[in-house]
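Engineer: One structure is given below, represented as structure tokens, and several questions about it will come after.
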């Protein structure tokens, strides 16, 4: 995936999240959970795009 598409997708997700936070009334706790879920999903998506997700899954703790 070209870098321009990744940046464009991040901008779109950021603007959508800002619009939801700005114009949809919700409790602070719900807003915090929504923001956390979106940020975690975007981080996992970026790791998968750059091929680091599979690399991180290879790590084993313990035996």
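The values are calculated or read from the model by the stated rules, or taken from the named source; none is laboratory data. Predicted, not measured: the structure shown is a model, and the values here were computed from it. Please note: Cβ atoms are built from the backbone with ideal geometry, for glycine as well, and neighbour counts cover all protein chains shown.
Engineer: Going by what's in this entry, would residue 20 be described as touching a residue at least 24 places away in the same chain (Cβ under 8 Å), out of contact with any helix residue (DSSP H, G or I) (no Cβ under 6 Å at 6 or more places or on another chain) and surrounded by 13 or more Cβ atoms within 10 Å (Cβ to Cβ)? Please lay out each step first, then the result.
Structural biologist: Details: touching a residue at least 24 places away in the same chain (Cβ under 8 Å): no; out of contact with any helix residue (DSSP H, G or I) (no Cβ under 6 Å at 6 or more places or on another chain): yes; surrounded by 13 or more Cβ atoms within 10 Å (Cβ to Cβ): yes.
No: the conditions fail for residue 20.
Engineer: Now for a different question. Quick check on segment 3-21. Is at least one of its residues part of a loop (DSSP other than H, G, I, E, B) and more than 13 Å from the chain's Cα centre (by Cα)?
Structural biologist: The initial filter retains those residues of segment 3-21 that are part of a loop (DSSP other than H, G, I, E, B), namely none.
No, every residue in segment 3-21 fails to be part of a loop (DSSP other than H, G, I, E, B) and more than 13 Å from the chain's Cα centre (by Cα).
Engineer: Quick check on segment 41-58: of everything there that is modelled with pLDDT of 80 or more and not in a helix (DSSP H, G or I), which residue is farthest from residue 9 (Cα to Cα)? Step through it out loud before you land on a result.
Structural biologist: Keep residues of segment 41-58 that are modelled with pLDDT of 80 or more, which gives 41-52.
Those left that are additionally not in a helix (DSSP H, G or I): 50-51.
Details: 50: 14, 51: 17 Å.
Only one residue tops the list, namely 51.
Engineer: Just give me the residues in segment 1-17 being touching a residue at least 24 places away in the same chain (Cβ under 8 Å) and either at positive phi or loosely packed, with under 10 Cβ neighbours inside 10 Å (or both), in sequence order.
Structural biologist: 1
Engineer: Out of contact with any helix residue (DSSP H, G or I) (no Cβ under 8 Å at 6 or more places or on another chain) and not in a helix (DSSP H, G or I): is that true of residue 32 in this structure? So that I can check it myself, show each step before the final result.
Structural biologist: On the way: out of contact with any helix residue (DSSP H, G or I) (no Cβ under 8 Å at 6 or more places or on another chain): yes; not in a helix (DSSP H, G or I): no.
Spelling it out, it is not the case that residue 32 is out of contact with any helix residue (DSSP H, G or I) (no Cβ under 8 Å at 6 or more places or on another chain) and not in a helix (DSSP H, G or I).
Engineer: If you check every pair at least six apart or on different chains, which have Cβ atoms under 9 Å apart with a residue in segment 39-63 that is within 22 Å of residue 5 (Cβ to Cβ) first and a residue that is at pLDDT 90 or above and surrounded by fewer than 10 Cβ atoms within 10 Å (Cβ to Cβ) second?
Structural biologist: none
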